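The values are calculated or read from the model by the stated rules, or taken from the named source; none is laboratory data. In this text the structure is predicted, and so the values were computed from the model without any measurement. Cβ placement follows ideal geometry from the backbone for every residue including glycine, while neighbour counts extend to all protein chains displayed. Areas reflect the complete protein model, heavy atoms only, side chains present, ligands, DNA and RNA absent. Shrake-Rupley method; radii C 1.70, N 1.55, O 1.52, S 1.80 Å.
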Number of protein chains: 2
Amino acid sequence: MPGDDVTAAVDQVLEPSRHRTFIKSIVGGGAAAVEELVGRKVVVGGWVKTGREQGKGTFAFLELNDGSCLANLQVIVDAEVYPLSQLVATGTCVLVEGVLKKPPEGTKQRVELKVEQVLEVGPVDPSKYPLPKTRLTLEFLRDFVHFRARTNTISAVERIRDELAYATHTFFRQNGFRYVHTPIITTSDCEGAGEMFQVTALFSDAEKVEKELKQNPPPSESEIEAAKLHIKEKGEAVAHLKSSKATKEEISASVSELTKAKESLAKLEERFNMKPGIPQKDGTIDYARDFFGRQAFLTVSGQLQVETYACALGNVYTFGPTFRAEHSHTSRHLAEFWMVEPEIAFANLEDDMNYAENYVKFLCRWLLDHCHDDMEFMAKNFDKTAIDRLKLVSSTPFERISYTMAVQLLENVTDKKFENKVEWGMDLASEHERYLTEVIFKKPVIVYNYPKGIKAFYMRLNDDKKTVAAMDVLVPKVGELIGGSQREERLEVLVDRILEAGLTLEPYEWYLDLRRYGTVKHSGFGLGFERMVLFATGLDNIRDVIPFPRYPGRADL
Amino acid sequence: MPGDDVTAAVDQVLEPSRHRTFIKSIVGGGAAAVEELVGRKVVVGGWVKTGREQGKGTFAFLELNDGSCLANLQVIVDAEVYPLSQLVATGTCVLVEGVLKKPPEGTKQRVELKVEQVLEVGPVDPSKYPLPKTRLTLEFLRDFVHFRARTNTISAVERIRDELAYATHTFFRQNGFRYVHTPIITTSDCEGAGEMFQVTALFSDAEKVEKELKQNPPPSESEIEAAKLHIKEKGEAVAHLKSSKATKEEISASVSELTKAKESLAKLEERFNMKPGIPQKDGTIDYARDFFGRQAFLTVSGQLQVETYACALGNVYTFGPTFRAEHSHTSRHLAEFWMVEPEIAFANLEDDMNYAENYVKFLCRWLLDHCHDDMEFMAKNFDKTAIDRLKLVSSTPFERISYTMAVQLLENVTDKKFENKVEWGMDLASEHERYLTEVIFKKPVIVYNYPKGIKAFYMRLNDDKKTVAAMDVLVPKVGELIGGSQREERLEVLVDRILEAGLTLEPYEWYLDLRRYGTVKHSGFGLGFERMVLFATGLDNIRDVIPFPRYPGRADL
C-alpha cells in the first residue's frame, strides 16, 4: 500500500508560482509612472466593487480593488474572453492577465487594464451576498466582521491602523527603545482596580472528569479495602523473606510486587477521590487545582511588568492587547483593546512629557506622509477636520499646564455649564478635557501634577504631598489620548502608598524589589491604540477601528 | 481650602529634563568614533556589573551596563566625588556625569568615563540581592523573572528578540503586507483540537452576587406577593380612571404609578432569583449569562480570522500571543507564546514556500547585520554554531521535497535507529525532522504535500485525494520552524473536510462564507516566534527566550 501511495503522491506536481502586481503600484504613482506602465502585461487580482456590461453585452467594465490601496483599477473584459455575467456582481473575486492601457482622453482614470485572460473567478450570487450595496452603515457592517474589510471605510481604517502600528515601532526604535512582550495571562493586578477576566482550565477539566467518571465508574470502598489488604499481605511477604534470609533476587522480586500493589492503590484512591464539578476546598473554589496553581487573569496593563525590563534595559515599550471585564456598552469601551506602553529609565516627568509629545507628533506626521488617500477619504466622508487636526498636532508645541491651573481655568469658564462640578480634587471628565484642548487652547494640552487621591499608587508623590507626578495628554476630538507618570522609585514612599490604597504588600513584593535593589527614577505612559485610530480617522465608535471588536454579549469569530 | 491647595501645588516645579547618553553610542562605534568622543562631557546611567575599589580606596572602577548593548562602560570615580563603598556593589544603579577619556595604552577598553559628579544612586545590599554573582544558571534565573534581564544572557536574548520582531514587521511591510490585530478572546476554535483556556467573568460575578446577598438579603415570597397585589391595585385604578373618563393628566399619572410598581416588582424578582455560585441551566453551566453570552476562549491561532482580512486586503499578517492549555512540562512548550501568521491572497503552495523561505532568510540576515555582539556572546557561551547557522540559512536555497520523498529517504536510513517507526501516513517526529535537515541535507528543508489524515481540515486537498497542500520548514537545531498550507478555497470540498474531521458546520459558517462569496486561492503559514529565538540564540529551553514564561503551575508576575 505505501508503494501505491508513494507513486501517486510523487506525481502530485506543484502549481507554479505566479507574480501578482499590486493595484497600488499601478495607480499609486504619478503621471510619469503611469506613462511607463502603459503597454506592460500584468497579472492583477482583486474583488469587484462595481461591474457593468456595456456595448450591448460585448464587453464589461469592472472596478477592481485588491486592498493594497483605496483606489480601484478599471478593468475591461471582452465577452469573447469570459462570460461577463459571471464577473460583474459586486464581491466577485477575479485574477486576470492583461495589458495596461491609456484610456481615452477625458476619462477620470489615468490607466486601465485590458484583459487577455481571466485566470480565476470566485463568483458571487448577488441575491445572497450580505454586502451587495456600496453604502452601508457602520452599524450594519458590525454584524459582518468577516466581510466588512471589503468596504472602502473599513479597509481605509485598517490601513491607517497598520501605518500607526508600524510608525509606533519605528518611533521607539529610532529612540533606542526595545520591544518587550509583557504577559497576557497575569497573576498581578495593575491598579488594584479594574475588572479583570479570569483565565481558567477548571471548566474543561471538570468536563473531562465527568466524562471519565461516566465511562469508567470510580472504585467502591470495598475495592479500596481489598487493595489495602493486598499491600498488607505483600508487605508481610517481604518481611518474611527478609527474616528468613532469602536470596537478594527473591527479596527484590517481592519488593517489586509490593511497590506495584502500592501504585495500584494510589491510582484507585485518585479515582475514588475524583469528584465532578469545579474543585472546592473549605467551601470556596480550589484555585490551587487550576492550570497555574492559582487564580490567573487577563492583563489590564503591561506597565508593572515592563518596568522590570526598564530597570535593566533602560528604554523599553510594550505594545499588545489588554482587557477589561466592564459591562460598558458605550462607543468608547471595548473588552479587548491594544495599548502602547513605553517605560523609560532615568526619566522624570518632563522627559516623559517630551517623549509623549514627540511620539504623538511622529504618528500624525507619519499619517500625513504615508496615508494621503485614505485620510482624504476619511476627511471627505466622516470628519472634515481630520487632516487639519493631524497637521495641527504634528506642528504645534503642546500646551503644558498643571492640574491646578487647569481647574482654575475651568472654574472661570462662563460660556458653558459643565455636567460635572469643577473643583480641585475631582478627576477631569471628558467634557473638561475636551473644553481645555478644543476651546481654551485649540491645540493639544498636557495636564500634569494631579491630586494623589485620584491617581494610582505607583505614581511618584510630589514634595507638596498633595499631588503626584502624573500627566495626561489631551487632544481635540477624543480628549485623553495618553496617561502617564513618573513612577515612585522610593521604597518607603511606595510601601505607604500601596497600603494607603487599601492593597496588601504581598502581591507587589517583586515590584518593591525593583526599589530595594538598584532603584532608578523612571517614567512611562500608555496610549490607547484605538483612541489614536479614532483621533486619526474621525470615526466615533471604537468598535469600528479594531478588526474584531469584543464587548458585552459579543465576541464574533 | 482649594485656595491653599492651589498655591501649594502651583509651586510644585517640574524637575528639568536631562539628556542621557546611551552606552551603546559611546562604545558601539569604531576607533574613529571613539577618537571623536574623547573630551566630551556626558551623562550616563546604568547598573554596576562589577565594581572594585583601587589605590587603597582612593578611587573605584565600575563596569556600568545600561542595557542598550552588551558591552559595559568603564567608569572611574574618585573617593572625593562620592563614598565609593556605596557604588561598588553589583546591581547598584548610578547616574553620573563625567568626561570621556582615552585609557592608558595596553588596557582593553577604548574609552572610559572619568566621573565629575554622581547625580543619583540606587543602592544594593549585596547580602540580600538575589543576583550578586555574575554566573548563575538559567534555571536559577527563572525564579527571578523581574531581575533576570539584568544578566548578560537574558538581556542579549531580549535584544535579539526585539530585533527579530522589528525585522518581522519590516519584512512584511516591504512585501506589501498589512498588520492585522486578530482577537485574543475568541469564540472559534482554529483546529477543533488543541486545549484552550476559557475566559470568564462567571467567578467574579458569582462573588459579587454572594457579597450582595450577604449585605442585602433577597426578598421573601410574601414581599413578592405584596408587590404583585400592588400592581393589581394600580392596574385597577388605571382602568377605573379610563372608564370614568378622567382627564389625560390623571390617567397618565396613574399609568406612571403602575409602571413604577411593575419596575419595582421586576427588581424584587431579579433579587429573588439571585442564586449564589456559578449560574446553572438544565444541570450544566449557563454560559448565556457569562460576559459574552456564550463560552469564550483564548485563541490558539489567528489564522482563520486573519483569512477574512486576506480575502479583502490581499496580503496580511498577524503577530500576537497565542495559547495552549496543555499540561506540558517540556523545554519546548509554553502556555502563552507568540506567533507570526501571514496570509496571502492569490497565492498557491509554491508562493507560500517562497514567502516562508524569504522571511526566514531575511530574519537571519537581519541578525547578522544588527546583532553582532549579542550573537557573538551567544555563540561563545551557549552554541558555537549559532552564527554559522545564521550564515548558512541566510545564504543557502532551501531544499524542497515532498512528504513522500522524505519518508522514502528516512526509510533508507541505516546509520540511525528512530524511536518512532517510519511509514507513509505517519506524522514526522522531531527526530525525523532534524535528521532530514541536519544529517541528510545539512541545510533548511521544506517538506510539502502531507497525508491529509494528519493535517487540519482547512488545508487544500490535492488532486490525488490523499495529500493536502501543506508545507513545513525544517531547520537545524529546532526542526519544524514554520508550518503552512494553501487553504481549501472550494466550498464543497471544505464542507466535506469539516464533516470528515468530526466537526459541525455551524461554528464555521462565517469561514464558509468566505468561500461562498468571492472565494480566492490563498495560502499562509505560522512561525512560532520563540522557536525562532531558540534557533537564533542556540538556547535549549523555551522558558528562557520569552520575558515572562507561562507553563503549568507558573505564571509569575
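Once you have the Cα-Cα distance between residue A:388 and residue A:80, take 0.36 nm times their residue separation minus that, and quote the gain in nm to one decimal.
Numbers: separation 308, 0.36 × 308 = 110.88 nm, distance 4.94 nm.
Taking residue A:388 through residue A:80 to full extension adds about 105.9 nm, to one decimal.
Average 1/r across all pairs of distinct alpha carbons in the stretch A:23-122, invert it, and you get the Kirkwood radius: 13.4 Å. Sequence-ordered 3J(HN,Hα) estimates for the stretch B:163-173 from the Karplus curve with 6.51, -1.76 and 1.60 and θ = phi - 60° stand at 5, 5, 5, 5, 4, 4, 4, 5, 4, 5, 4 Hz, glycine and proline given as x.
Overall shape: oblate for chain B, with the ratio a/c of the largest to smallest alpha carbon gyration tensor axis at 1.5 or above and b/c at least equal to a/b. Other protein chain C-beta atoms within 10 Å of residue C-beta, averaged over A:60-69: 3. To check you understand DSSP bridge types, tell me what percent of the beta bridges within chain A (both residues inside) are antiparallel, rounded to 5. Of all bridge pairs located within chain A, approximately 90 percent are antiparallel.
Under a 5 Å amide H cut-off, with hydrogens placed 1.01 Å from N, residue B:450 pairs with B:468, B:470 among residues at least 5 apart or on other chains. Whenever you get a sec, compute what percent of the accessible area on the stretch B:200-286 sits on carbon and sulfur atoms (1.4 Å probe). Roughly 55 percent of what the probe reaches on the stretch B:200-286 is carbon or sulfur. Gain on full extension, evaluated as 0.36 nm per residue between residue B:270 and residue B:239 minus their Cα-Cα distance, stands at 8.4 nm. In the assembly of identical copies, residue B:370 has its label point, taken 7 Å from Cα in the direction of the beta carbon, separated from the corresponding points by 1.4 nm (ascending, one decimal).
Taking θ as phi - 60° and the Karplus parameters 6.51, -1.76 and 1.60, the scalar couplings of the stretch A:92-103 work out to 5, 9, 9, 10, 10, 10, x, 10, 6, 10, 8, x Hz in sequence order, x denoting glycine and proline. Charge dipole (Cα centre; +1 on Lys/Arg Cβ, -1 on Asp/Glu Cβ; no other charges) of the stretch B:14-96 amounts to roughly 100 debye.
For residue B:195, the residues whose amide H sits under 5 Å from its own are B:325, ignoring neighbours fewer than 5 places away on the same chain, with H placed 1.01 Å from N. Dipole orientation for the stretch A:23-122: of the candidates A:88, A:58, A:31, A:31 has the Cα lying most toward the positive pole (charges on Cβ; Lys, Arg +1; Asp, Glu -1).
Shape of the protein assembly as shown from its Cα gyration tensor (a ≥ b ≥ c, root eigenvalues): rounded if a/c is under 1.5, otherwise prolate when a/b > b/c, or oblate?
Taking the square roots of the gyration eigenvalues as a ≥ b ≥ c, the protein assembly as shown is rounded.
Computed 3J(HN,Hα) for the stretch A:546-557, one whole-Hz value per residue from the Karplus formula 6.51 cos²θ - 1.76 cosθ + 1.60 where θ = phi - 60°, is 10, x, 10, x, 10, 8, x, x, 9, 8, 5, 6, glycine and proline marked x. Near residue A:515, within a Cβ-to-Cβ distance under 14 Å, what is the net charge of the other residues, with Lys and Arg +1 and Asp and Glu -1? Surrounding charge for residue A:515 is -2. Quote the FRET efficiency, to the nearest 0.05, computed for residue A:260 versus residue B:140 with a Förster distance R0 of 35 Å and r equal to the Cβ-Cβ distance. Once the sixth-power term is evaluated, E becomes 0.40. Summarising the label geometry, the points placed 7 Å from Cα in the beta-carbon direction at residue A:232 and residue B:212 lie 5.5 nm from one another.
How fast does the stretch A:317-439 diffuse by Stokes-Einstein, in µm²/s, taking the Kirkwood radius from C-alpha pairs at 10 °C and 1.306 mPa s?
The diffusion coefficient I find is 90 µm²/s.
How many percent of the accessible area of the stretch A:51-136 is carbon or sulfur, using a 1.4 Å probe? Here carbon and sulfur together make up 49 percent of the probe-accessible area. For the stretch B:470-557, taking Cα atoms only, Rg and Dmax work out to 18.3, 48 Å respectively. Note on the protein assembly as shown: with charges restricted to the Cβ of Lys and Arg (+1) and Asp and Glu (-1), its dipole about the Cα centre is near 1260 debye.
Given a 1.4 Å probe and no ligands, DNA or RNA in the count, how much accessible surface is buried by B and A, both sides, to the nearest 100 Å²? Adding both sides of the contact gives about 12100 Å². Short-range pairs are left out: with C-alpha atoms under 8 Å and at least six residues apart, the relative contact order of chain B is 13 percent.
Beyond a 26 Å Cα-Cα separation, which of these cross-linked pairs lie in this structure: A:380/A:443; A:24/A:108; B:234/B:267; A:421/A:465; A:275/B:267? Listed pairs above 26 Å: A:275/B:267.
Quick one: if the Förster radius is 22 Å, what FRET efficiency do residue B:17 and residue A:490 give, using the C-beta to C-beta distance and rounding to 0.05?
Calculated value: 0.65.
Label points for residue B:16 are taken 7 Å from Cα along Cα→Cβ. From this copy to the others they lie 6.9 nm apart, shortest first. This model, with +1 at the C-beta of Lys and Arg and -1 at the C-beta of Asp and Glu, gives chain A a dipole about its Cα centre of some 860 debye. Based on every Cα atom in the stretch A:344-389, Rg and the maximum pairwise Cα distance Dmax equal 14.7, 45 Å.
In the stretch A:516-550, what residues drop by 30 Å² or more in accessible surface going from the chain by itself to the full protein assembly, probe 1.4 Å? So the qualifying set is A:517, A:518, A:519, A:521, A:547, A:548, A:550. Label-to-label distances for residue B:553 across copies, nearest first, come out at 4.5 nm, using points 7 Å from Cα in the beta-carbon direction.
Taken as Cα centroids, the stretch A:398-443 and the stretch A:254-289 sit 63 Å apart, rounded to the nearest whole angstrom. Annotation: amide H-H contacts under 5 Å for residue A:348 (H modelled 1.01 Å from N, sequence separation of 5 or more, or interchain): B:18. Potential lengthening of the chain between residue A:381 and residue A:105 amounts to 96.5 nm, from the contour at 0.36 nm per residue minus the alpha-carbon distance.
Can you tell me the 0 to 90 degree angle between the C-alpha axis of helix B:372-381 and the longest principal axis of chain B, rounded to 10? Compared with the principal axis, the helix lies near 80 degrees.
The Cα atoms of the stretch A:123-225 give a gyration tensor whose axes a ≥ b ≥ c have a/c of 1.5 or more with a/b no greater than b/c, which makes the shape oblate. For the stretch B:46-86, the pair-distance distribution built from all alpha carbon pairs, in bins 10 Å wide starting at 0, is 33, 50, 17, 1 percent.
Rolling a 1.4 Å probe over the protein heavy atoms gives chain B an accessible area of 43 Å² per residue.
Kirkwood radius, the stretch A:223-328, all distinct C-alpha pairs, inverse of mean reciprocal distance: 19.7 Å.
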